[in-house]
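Here the structure comes first, spelled out in structure tokens, and everything after it is commentary.
The values are calculated or read from the model by the stated rules, or taken from the named source; none is laboratory data. Being a predicted model, the structure only gives us computed values, none of them experimental. No Cβ is skipped: glycine too gets one built from the backbone with ideal geometry, and neighbour counts run over all protein chains shown. Note: areas computed on protein heavy atoms with side chains; ligands, DNA, RNA excluded. Shrake-Rupley method; radii C 1.70, N 1.55, O 1.52, S 1.80 Å.
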Amino acid sequence: MRKWLTGIVATLAISMALFHLYSGGVQLFPATQQRAIHLALAFALVFLLHPFFKSKDSIEKERNGFGLLINSILAILSLVAGGYLTLRYLDLPLEMSSPTLTTIVIGVLVILLTLEVARRMLGVALPIIAIIFLVYAFIGDRLPLMIQHSGYSFEQIVTQIGLSNQGVFGIPLGVSASYIVLFVIFGAMLEKSGAGNMFLDLAMGLVGRYRGGAAKVSVVASALFGSISGSQVANVVTTGVLTIPLMKRGGYKPTYAAAVESVASTGGMILPPIMGAVAFLMADFLQISYAQVAFAALIPAIIYFVAIFIMVDLRAAKEGLQATEVENKVNLKELMIKKGHLMLPLVILVVLLMVFQMTANNAAFWAIISVPIACLFRKETRMSMGQIYSALQEGVKLSLMVVAACSAAGIVIGVIDMTGMGLRFSSVLLELSGGSLLLLCILTMFASIIMGMGLPPVASYLVLAILAAPAMVDLGVPPIAAHLFIFYYGTLSAITPPVALAAYAAAGLSKTSPMKVSLVACRLALVAFIVPYMFIFGPELILIGSTGSIIFATVTALMGVYAIAVSLEGYFTAKLNFFSRVILFAGSIMLIRVDVLSSVIGLVVIVLVLLYEGKFANKTNKAILLDKSL
């Protein structure tokens, strides 16, 4: 990249970081103004950093030839459109009611730039969805009655979608501008401070010395890192570089190693505190506090990771894999003395959000400020101005994918809001389900997985929150449960064939077949596919109900998870026969509904099978030993 272009990119990135720090912790800006500046700077950076085509040859051509001119023009147009809206934000409502030619041109420009930014950052999936919805807005009055709308003029569509706070500049972009960018910068600051490596060392120290320790390190490290990250693929690439080779050296097959990493990294999106930035969108959609969302998501996320942990432990036992041989064994006490202070910013963030109920943007601001301060506690970890400068730039660049997703999702949401399509989609789901909650959940699950394919968590959640969640709420599901349900399955699309982005990334690191990795990952994560049904039929798992019922639901869920893991792996203290595995699985399914009778029956079935298998295994082992002695 040319020096002058590098300088412009750095200036724009630092300007964007400082603007969001200022607006997040010092002075609030009017919503439209803040979103316009956010969009203008982000779009300009996308056009200067990400070429029209992805091949190496085209990248070089675009940075040195005619492509560079086009990208520069697009970046300037982004700044012009954002600048116009920033300066005219007070007059914008009047201009939209009787739009001038300039207003219409700016609206069209915003829509076209949004589609191109989304294509460059996210691929073609979301832009195609957005274009389909735009076409529907223009021709929907001529479609069959079931999906028909009353019709809108060109000016109405352009101003509503391109300029109003019901379109591109709606809630998704608002949450991105107010919260998400700050949290992504926080994650980048933590990573630059050395906290990312510290998480990996911590996982190694905690579980690396036990059987199957390599896979357990992957689960713990991916959970810790993923909880502050915003992308399943980013998690895989960051932690998988170290954990996948470690698992292969520990005796796991390449396909299995890649599957473990992709499943664990995907789980990071559902683990508080940040949950891939979706927690803040969900709180905004449901008009509840962030703390409520985080607490509701906590037990299901723990169940998810406990299930994976048990699965890899049973696989290690079945295959006789021992503790990981690590060249530099981690001393936990020494690690906490030398680097434990690097976790302070994360603790500060959680305390500010959960205890003091501080707004998300203020909490993120102070958490970011606390990172270089916490690093001062030891000379070895102190951050230089260059590192801070680099972390701010990196954070902004990492946030560009979220900005692209939120702005493109704004087009979809704008059309849905304008045409009332959301109500129609919900009514179709309700009609197909025939009023059955179980059938509606199954339909919504498939819709969420399909709609989530190829999309980052933020984008898939935004689309599904409008289209799928309302139908579940109409059947009496608590809103938080419905939104977590669609979020889980949208997120799990990252390991679900055929567009399993996390599995593909892990397969690349492991040098194995992506499709095989995806299939093994789905088997490993089968419990994750069941957990959402648990909190739909037993909302106690998301802390709805009395303390006693919440404890009962959690204990029975963990028992069910263990039984499913044993059933799937076919191993307890020895290999299980087919019938024991089927009975165990059936018993665990009975624990999904938080009902005393079905839970007791399920628990009795599970305990009896495990006791029988344990006793049978002991007899078999004794017989083998006796046979060997003879």
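Rundown of residues vs (1) modelled with pLDDT of 85 or more; (2) on the phi < 0 side of the Ramachandran plot; (3) open to solvent by less than 10 Å² (accessible area, probe 1.4 Å), yes/no style:
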position	(1), (2), (3)
VAL158	yes, yes, yes
GLY167	yes, yes, yes
LEU173	yes, yes, yes
SER178	yes, yes, no
VAL181	yes, yes, yes
MET189	yes, yes, yes
GLY194	yes, no, no
MET198	yes, yes, yes
LEU202	yes, yes, no
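Looking only at the range 539-553, decide whether some residue is under 26 Å from the mean Cα position of the chain (by Cα) and of a type in the set (D, E, K, R).
Of the range 539-553, the ones under 26 Å from the mean Cα position of the chain (by Cα) are 539-544, 550, 553.
The next check asks that each one be of a type in the set (D, E, K, R); those that pass are 540.
Scanning the range 539-553, I find at least one residue that is under 26 Å from the mean Cα position of the chain (by Cα) and of a type in the set (D, E, K, R), so the answer is yes.
Out of all the residues in the range 511-541, which are among the aliphatic types (A, V, I, L, M), assigned to a helix (DSSP H, G or I) and buried (at least 21 other Cβ atoms within 10 Å of the Cβ)?
Quick first cut of the range 511-541, residues among the aliphatic types (A, V, I, L, M) only: 515, 517, 519-521, 524-528, 530-531, 534, 536, 541.
Applying the additional criterion that residues be assigned to a helix (DSSP H, G or I) yields 515, 517, 519-521, 524, 526-528, 530-531, 534, 536, 541.
Across the range 511-541, the qualifying residues are VAL517, VAL520, ALA521, LEU524, VAL527, ALA528, VAL531, MET534, ILE536, LEU541.
Is there a residue being closer than 24 Å to ALA264 by Cα and outside any loop (DSSP other than H, G, I, E, B) anywhere in the range 405-422?
So in the range 405-422, the residues closer than 24 Å to ALA264 by Cα come out as 405.
Those still in the list that are outside any loop (DSSP other than H, G, I, E, B) too: 405.
Yes.
Which condition breaks for ARG211 when tested against (1) open to solvent by less than 10 Å² (accessible area, probe 1.4 Å); (2) out of contact with any Lys or Arg (no Cβ under 9 Å at 6 or more places or on another chain)?
Against the list (1) open to solvent by less than 10 Å² (accessible area, probe 1.4 Å); (2) out of contact with any Lys or Arg (no Cβ under 9 Å at 6 or more places or on another chain), ARG211 comes up short only on (1).
Could you please tell me which pairs satisfy a Cβ distance under 8 Å, a separation of 6+ or placement on different chains, a first residue in the range 163-177 that is farther than 8 Å from GLY410 by Cβ and assigned to a loop (DSSP other than H, G, I, E, B), and a second residue that is of a type in the set (S, T, N, Q) and open to solvent by 10 Å² or more (accessible area, probe 1.4 Å)?
Pairs that qualify, where the first residue is farther than 8 Å from GLY410 by Cβ and assigned to a loop (DSSP other than H, G, I, E, B) and the partner is of a type in the set (S, T, N, Q) and open to solvent by 10 Å² or more (accessible area, probe 1.4 Å), are ASN165/THR32; GLN166/GLN160.
Spot the failing condition for MET358; the list is (1) of a type in the set (A, V, I, L, M, F, W, C); (2) assigned to a helix (DSSP H, G or I); (3) modelled with pLDDT of 85 or more, and only one is missed.
For MET358, the failing item is (2).
Just one of ALA367, ALA391, ALA374 is in contact (Cβ under 8 Å) with a residue 24 or more places away in the chain, within 29 Å of GLY170 (Cβ to Cβ), open to solvent by less than 30 Å² (accessible area, probe 1.4 Å) and not basic (Lys, Arg); which is it? Don't jump to the end; show me each part of the working.
Working: ALA391 fails: within 29 Å of GLY170 (Cβ to Cβ); ALA374 fails: within 29 Å of GLY170 (Cβ to Cβ).
Unique residue meeting the criteria: ALA367.
Pull up the range 331-350, narrow it to residues that are of a type in the set (Val, Ile, Thr) and open to solvent by less than 70 Å² (accessible area, probe 1.4 Å), then point me to the one that is farthest from ILE228 (Cα to Cα).
ILE348
Would you confirm, using the coordinates I've provided, whether SER567 is at pLDDT 90 or above and closer than 30 Å to MET453 by Cα? First the steps, then the outcome.
Numbers: at pLDDT 90 or above: yes; closer than 30 Å to MET453 by Cα: yes.
Answer is yes for this residue.
If you take the residues in the range 470-486 that are assigned to a helix (DSSP H, G or I) and open to solvent by 10 Å² or more (accessible area, probe 1.4 Å), which one is farthest from ILE416 (Cα to Cα)?
Initially, the range 470-486 is screened for residues assigned to a helix (DSSP H, G or I), giving 470-474, 479-486.
After this cut, where a residue has to be open to solvent by 10 Å² or more (accessible area, probe 1.4 Å) as well, the list is 470, 473-474, 479-480, 483.
Values: PRO470: 13, VAL473: 18, ASP474: 18, PRO479: 19, ILE480: 21, HIS483: 18 Å.
For the range 470-486, the residue satisfying everything is ILE480.
Would you tally the residues in the range 122-152 being open to solvent by 60 Å² or more (accessible area, probe 1.4 Å) and either at positive phi or in contact (Cβ under 8 Å) with a residue 12 or more places away in the chain (or both)?
5
Looking only at the range 424-439, filter to residues that are without any contact (Cβ under 8 Å) to a residue 40 or more places away in the chain and part of a loop (DSSP other than H, G, I, E, B); which one of those is least open to solvent (accessible area, probe 1.4 Å)?
SER436
Could you give every pair whose Cβ atoms fall below 8 Å, whose first residue belongs to the range 65-88 and is under 13 Å from ALA44 (Cα atoms), and whose second residue is open to solvent by less than 50 Å² (accessible area, probe 1.4 Å) and not in a helix (DSSP H, G or I), counting only separations of at least 6 or pairs across chains?
Cβ pairs passing all conditions: ASN71/PRO51.
Going by the structure shown, is ALA301 open to solvent by less than 20 Å² (accessible area, probe 1.4 Å), modelled with pLDDT under 90 and either in a helix (DSSP H, G or I) or over 23 Å from ASN197 (Cα atoms) (or both)?
On the way: open to solvent by less than 20 Å² (accessible area, probe 1.4 Å): yes; modelled with pLDDT under 90: no; either in a helix (DSSP H, G or I) or over 23 Å from ASN197 (Cα atoms) (or both): yes.
In short, no.
Is at least one residue of the range 71-84 modelled with pLDDT under 90 and of a type in the set (Phe, Trp, Tyr)? Walk me through how you get there before you give the answer.
So in the range 71-84, the residues modelled with pLDDT under 90 come out as none.
No, the conditions are met nowhere in the range 71-84.
Which condition does LEU603 not pass, out of (1) of a type in the set (A, V, I, L, M); (2) at pLDDT below 90; (3) not in a helix (DSSP H, G or I), if it passes all the others?
(3)
Here is a yes/no grid of residues against (1) under 23 Å from LEU134 (Cα atoms); (2) open to solvent by less than 10 Å² (accessible area, probe 1.4 Å); (3) of a type in the set (S, T, N, Q); (4) in contact (Cβ under 8 Å) with a residue 60 or more places away in the chain:
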position	(1), (2), (3), (4)
ILE413	yes, no, no, yes
CYS441	no, yes, no, yes
ALA459	yes, yes, no, yes
ILE466	yes, no, no, no
TYR488	no, yes, no, yes
SER493	no, yes, yes, no
ALA506	no, yes, no, yes
LEU509	no, no, no, yes
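For the range 217-226, which positions are open to solvent by less than 10 Å² (accessible area, probe 1.4 Å) and either over 16 Å from ILE274 (Cα atoms) or within 15 Å of the chain's Cα centre (by Cα) (or both)? Talk me through it step by step, then tell me what you get.
At the first step, the residues of the range 217-226 found to be open to solvent by less than 10 Å² (accessible area, probe 1.4 Å) are 217-219, 221-222, 226.
Result: VAL217, SER218, VAL219, SER222, GLY226.
Does the range 574-588 hold any residues that are part of a helix (DSSP H, G or I) and either in contact (Cβ under 8 Å) with a residue 40 or more places away in the chain or among the basic types (Lys, Arg) (or both), and which are they? Working first, answer last.
As a first pass, look at the range 574-588 and keep what is part of a helix (DSSP H, G or I): 578-588.
Once the filter is applied, which keeps residues that are part of a helix (DSSP H, G or I) and either in contact (Cβ under 8 Å) with a residue 40 or more places away in the chain or among the basic types (Lys, Arg) (or both), the range 574-588 yields only ARG581.
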